[in-house]
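Enquirer: Pasting in a structure now, in structure tokens, and then I'll have a few things to ask.
The values are calculated or read from the model by the stated rules, or taken from the named source; none is laboratory data. As the structure is a computational prediction, the values presented were derived from the model and not from experiment. Cβ: placed from backbone, ideal geometry, glycine included. Neighbour counts: every protein chain shown. Surface accessibility is based on the protein's heavy atoms, side chains included, excluding ligands, DNA and RNA. Shrake-Rupley method; radii C 1.70, N 1.55, O 1.52, S 1.80 Å.
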Amino acid sequence: RTGAGATLGSGQQYMSWISLRDYLRIVLFSLENASMKGSLNVVSPQPVSNAEFSRALASALNRPLLLRAPAWSLQAVMGDMARLLLLASQRVIPAALEKAGFNWEDPDLQTLLDGFFKREV
């Protein structure tokens with residue numbers, strides 16, 4: 001409520017994400033298509049930086065994004081777990097799903113978050 005969300009570290013680290021709807025659709029898609037073999041990157045085709053994610057979430061919640069949590073402060077509190085969980089960068093692309101022709105219903109993070117937090121109750 002206070003707008004106390006923060007960008008983590010530099011905010012440049014990439015993070016992959018997926019909506020629950022697309023996750024479930026990918027599970028069904030992979031079960032129904034015999035050509036799908038091996039492991040799949042079950043993620044949106046549009047990874048975002050932590051700064052982009054933080055801005056999208058703040059916007060969807062109609063809150064300001066004023067703070068930055070410096071890497072050193074996160075590591076002071078969480079130790080090596082901060083580096084592994086919050087500050088690491090993974091820009092995962094769902095190449096096998098794209099090649100198989102899967103179409104995401106929620107490929108855009110801002111649209112997804114806006115729809116999730118601004119639903120009529």
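Enquirer: Do you know which of the residues in the stretch 92-121 that are touching a Pro at 6+ places or on another chain (Cβ under 8 Å) and in a loop (DSSP other than H, G, I, E, B) is most open to solvent (accessible area, probe 1.4 Å)?
Expert: Within the stretch 92-121, the match that is most open to solvent (accessible area, probe 1.4 Å) is ILE93.
Enquirer: Condition first: open to solvent by 70 Å² or more (accessible area, probe 1.4 Å) and part of a helix (DSSP H, G or I). Now tell me which residues in the stretch 26-47 satisfy that.
Expert: LEU28, LEU31, GLU32, listed by residue number.
Enquirer: Let me ask something else about it. Given (1) open to solvent by 80 Å² or more (accessible area, probe 1.4 Å); (2) farther than 29 Å from LEU31 by Cβ, identify the lone condition not met by SER89.
Expert: Against the list (1) open to solvent by 80 Å² or more (accessible area, probe 1.4 Å); (2) farther than 29 Å from LEU31 by Cβ, SER89 comes up short only on (1).
Enquirer: While we're looking at this one, here's another question. Which residues, taken from the stretch 48-68, are surrounded by 15 or more Cβ atoms within 10 Å (Cβ to Cβ), in contact with a Gly (Cβ under 7 Å, 6 or more places away or on another chain) and aliphatic (A, V, I, L, M)?
Expert: ALA51, LEU57, ALA58, LEU65, listed by residue number.
Enquirer: Within the stretch 19-37, track down each residue that is in contact (Cβ under 8 Å) with a residue 40 or more places away in the chain and either more than 15 Å from ILE93 (Cβ to Cβ) or within 13 Å of the chain's Cα centre (by Cα) (or both).
Expert: Initially, the stretch 19-37 is screened for residues in contact (Cβ under 8 Å) with a residue 40 or more places away in the chain, giving 19, 21-22, 25-26, 29, 33, 35-36.
Across the stretch 19-37, the qualifying residues are SER19, ARG21, ASP22, ARG25, PHE29, ASN33, SER35, MET36.
Enquirer: Does ALA82 satisfy being more than 12 Å from ALA6 (Cα to Cα), in contact with a Phe, Trp or Tyr (Cβ under 8 Å, 6 or more places away or on another chain), of a type outside the set (Lys, Arg) and surrounded by 15 or more Cβ atoms within 10 Å (Cβ to Cβ)? Reasoning before the result, please.
Expert: Numbers: more than 12 Å from ALA6 (Cα to Cα): yes; in contact with a Phe, Trp or Tyr (Cβ under 8 Å, 6 or more places away or on another chain): no; of a type outside the set (Lys, Arg): yes; surrounded by 15 or more Cβ atoms within 10 Å (Cβ to Cβ): yes.
Answer is no for this residue.
Enquirer: Name every residue in the stretch 16-42 that is touching an Asp or Glu at 6+ places or on another chain (Cβ under 9 Å) and either modelled with pLDDT under 95 or closer than 17 Å to LYS99 by Cβ (or both), in order of residue number.
Expert: Within the stretch 16-42, ASP22, ARG25, VAL42 meet the criteria.
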